[in-house]
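The values are calculated or read from the model by the stated rules, or taken from the named source; none is laboratory data. Since the structure is predicted, the reported quantities are computational estimates derived from the model, not experimental observations. Heads up, the Cβs are rebuilt from the backbone with ideal geometry, glycines too, and the neighbour counts pull from every protein chain shown.
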Amino acid sequence: MRFKLIIAFVEDTKTDAVLDAARSAGATGATVINNARGEGLNQKTTFMGLTLDVQKDVLLFVVEEHLARHILETIDKVGEFDQQSGRGIAIQIDIEDAVGVAHQVETLTKIVEDEL
């Protein structure tokens, strides 16, 4: 079984909704890293030296490769990334090898067989 890593940078107000939607789309779990900051095409507005921007959370999902695109699209839709600049981004990358996921392989095998 092959896996992909989906990394999503999400507004902290949308983290729970994105996690729930990703699970509904087939993700079996996630790691959340709170209070990340970043800068996109446009620099954030400052007021007397204080940056006026929304905190982001980094969500990491190790997902089965056949489910990855659907999960990525679901994250995009719920996170509303394309609605406005600075809402967030999500990417997926191949995982060469993974350990600690053996307990999920049996469940994922059944899910992927049903999807295919």
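General observations
- Of all residues making up the stretch 57-116, the number that are of a type in the set (F, W, Y) and without any contact (Cβ under 8 Å) to a residue 12 or more places away in the chain: 1
- In the stretch 1-15, the residues that are surrounded by 13 or more Cβ atoms within 10 Å (Cβ to Cβ) and either within 15 Å of G88 (Cβ to Cβ) or of a type outside the set (A, V, I, L, M, F, W, C) (or both): K4, I6, I7, A8, F9, V10, E11, D12, K14, T15
- Restricting the first member to the stretch 1-29 and to residues that are closer than 14 Å to E73 by Cα, and the second to residues that are assigned to a loop (DSSP other than H, G, I, E, B), the beta-carbon pairs closer than 6 Å and six or more apart or on different chains are L19/A30.
- Residue in the stretch 38-61 that is among the polar types (S, T, N, Q), at pLDDT below 90 and touching a Ser or Thr at 6+ places or on another chain (Cβ under 7 Å) present: yes
- Residues in the stretch 11-33 that are β-branched (V, I, T) and modelled with pLDDT of 95 or more: T15, V18, T31, V32, I33.
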